[in-house]
Amino acid sequence: MNYVQPEGDGDVSLQGTLAACTATGLAMQVSPHHPIACPEELRLDDDGTLSCPHAAAPPDDERTQYCLDLSLALLLIELSHDL
């Protein structure tokens, strides 16, 4: 399955797209597992650390910020269809 392609109902899988984007990282190279790409439960700690059962990213992690920026952009695109 290609996550960045539309699903059967025509919608794009936002979480799948986000996970696919984190697979290459900012420098377009293979990167280690990142919490935001994990299908399991995510946790945001009080100090800003994003973690899953397999990994953790500190509050100032550039890859996390890129993913969050991308997810907000995708959400705005999806919401704009309803305007």
| Subset tally (residues that are exposed (fewer than 15 other Cβ atoms within 10 Å of the Cβ) and either aromatic (Phe, Trp, Tyr) or out of contact with any strand residue (DSSP E or B) (no Cβ under 8 Å at 6 or more places or on another chain) (or both)) for segment 60-80 | 12
| field | Pair list, Cβ < 8 Å and 6+ apart or interchain, from segment 45-59 residues that are farther than 14 Å from PRO32 by Cβ and surrounded by fewer than 12 Cβ atoms within 10 Å (Cβ to Cβ) to residues that are at pLDDT below 90 and of a type outside the set (Ser, Thr, Tyr) | value | PRO53/CYS38; PRO53/GLU40
| Candidates GLN29, GLN15, filtered to the one that is polar (S, T, N, Q), modelled with pLDDT under 65 and more than 15 Å from the chain's Cα centre (by Cα) | GLN29
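The values are calculated or read from the model by the stated rules, or taken from the named source; none is laboratory data. This structure is a prediction, so every number in the text was calculated from the model and none was measured. Backbone-built Cβ (ideal geometry, glycine too); neighbour counts: all protein chains shown.
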